[in-house]
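Please read the structure below before turning to the comments.
Bear in mind these aren't lab numbers, they're just calculated from the coordinates by the rules spelled out. Please read all numbers here as calculations on a predicted model, not as lab measurements. In this analysis, Cβ positions are derived from the backbone assuming ideal geometry, glycine residues included, and neighbour counts consider all displayed protein chains.
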Amino acid sequence: MFPRMKFAVLPTPVQRLPRLSEALGGPELLIKRDDLTGLAFGGNKTRKLEYLMADALTQRADLVLTTGALQSNHCRQTAAAAARAGIQAVLVLVGDPPADPSANLLLDQLLGAKVIWTDQAGREQALEEQIQQAKADGRKPYLIPYGGSNYLGAYAYLEGMRELQAQLGEPDPAAEDEAGPDRPPAGLPDWIVFATSSGGTQAGLTAGISNQDLNLRILGISVDESQSALKPRVIDLADQVLDRTGSAANLDHSLVEISDQYRGEGYAVMGEQEVEAIRTFAELEGILLDPVYTGRAAAGLIDLIRQGKFEPEQKVLFWHTGGTPALFADVYQDDLLT
Ligand SMILES: *Cc1c(COP(=O)(O)O)cnc(C)c1O
């Protein structure tokens, strides 16, 4: 459909979470491991970057720019994707340069990216200056949007939904004998729950459900935005994905469900709920979540299960979107260990 570079390890596994399901006494829980997409610690941006980086190369770019927070997973994966494509990455990060770069920021530098610091208000101007500078240097820059969330990036999650459908479709009877205890039960889940922020992942999943006419619901746990701000963006992006792919499907707007109840003290501030979720997944399932996105989304999921949002006979899939390097950021150490 669109040019694609292949650097993700796909399909990512779908696994059962039996101990977590039992401990919470709710629905059957599954997890889709997009923390294992394989590019420099993986995450959801890797899927998006397969299309974005291919588009950059199609346009003969020799430098990509993008922007994000100090511990941006998107920027770290962009730096790695640029390395794989053999071109320069310029990252415009919002914040003050810390004395000791840790976690994603350390990786950005190992991956050869050039890091430029700015504040929130100066972000657009800093990007523009870098673009002009690159052109003046005789280079051909390509701007990757915030979070990798334009129609191309979001399209990757339409493909992700196809991948899930293929994985959980009716099992091949011949393969049944080899099914181990970790093999997920056949059939799509009733719900998918995941962290949502710039909305590209949610838009792609929503477009996929409409396009493939699937019978399931998805709930984005907002990490930073109010649902009234985010919902129209997700709808607009999902519409663009369907348009650009020439899909005849109509987007069902009621599919776009967002909870903004779990934003706590704000973006990247890890609270008790996130710590509890991170510990619970780690201790019961040996799965690592991150302090900013998946820890928050899992905290939302755990709370919703406790509130009885899901029926006991339902299946709920937590789509792990990555971010685990942020566990090693200095700012979280004390709270993770108390
Ligand atoms: C970027 C990111 C998200 C949010 O994805 P969007 O497509 O921007 O909504 C969720 N989890 C992690 C770990 C991320 O890095």
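Things to note:
- Label zone at L106 (point 7 Å along Cα-to-Cβ), backbone N below 15 Å, the stretch 298-338: 324-334
- In degrees, nearest ten, helix 272-285 long axis to first principal axis of the chain (Cα): 60
- Once the Cα atoms are used to define both axes, helix 73-85 deviates from the longest principal axis of the chain by about 70 degrees.
- Solvent-free Debye scattering, log10 I(q)/I(0), computed from the Cα coordinates of the chain at q = 0.09, 0.10 Å⁻¹: -0.46, -0.57
- Q165 paired with Q132, simple spin-label distance in nm, labels 7 Å along Cα-to-beta-carbon: 4.7
- Dividing the summed -39500 (n - 2.57) terms of all DSSP H runs of n ≥ 4 by the residue count of the chain sets its mean residue ellipticity at 222 nm at -12500 deg cm²/dmol.
- Length gained when the stretch F2-R183 is fully extended (0.36 nm per residue, less Cα-Cα span): 62.0 nm
- DSSP bridge pairs, the chain: antiparallel proportion in percent, nearest 5: 10
- Sparsely packed loop sites in the stretch 262-338 (the chymotrypsin sites (Phe, Trp or Tyr not before Pro) outside DSSP H, G, I, E and B with at most 16 other Cβ atoms within 10 Å) comprise Y267.
- Highest-first arrangement of 27-36, 270-279, where packing means the average Cβ count within 10 Å: 27-36, 270-279
- Against the chain, whose longest principal axis is taken from its Cα atoms, helix 151-168 shows a tilt of about 30°.
- Antiparallel bridges, percent of DSSP beta bridges restricted to the stretch 1-150 (to nearest 5): 15
- Restricting attention to the chain, lysine pairs at least eight places apart or on different chains and with alpha-carbon atoms under 17 angstrom apart total 7.
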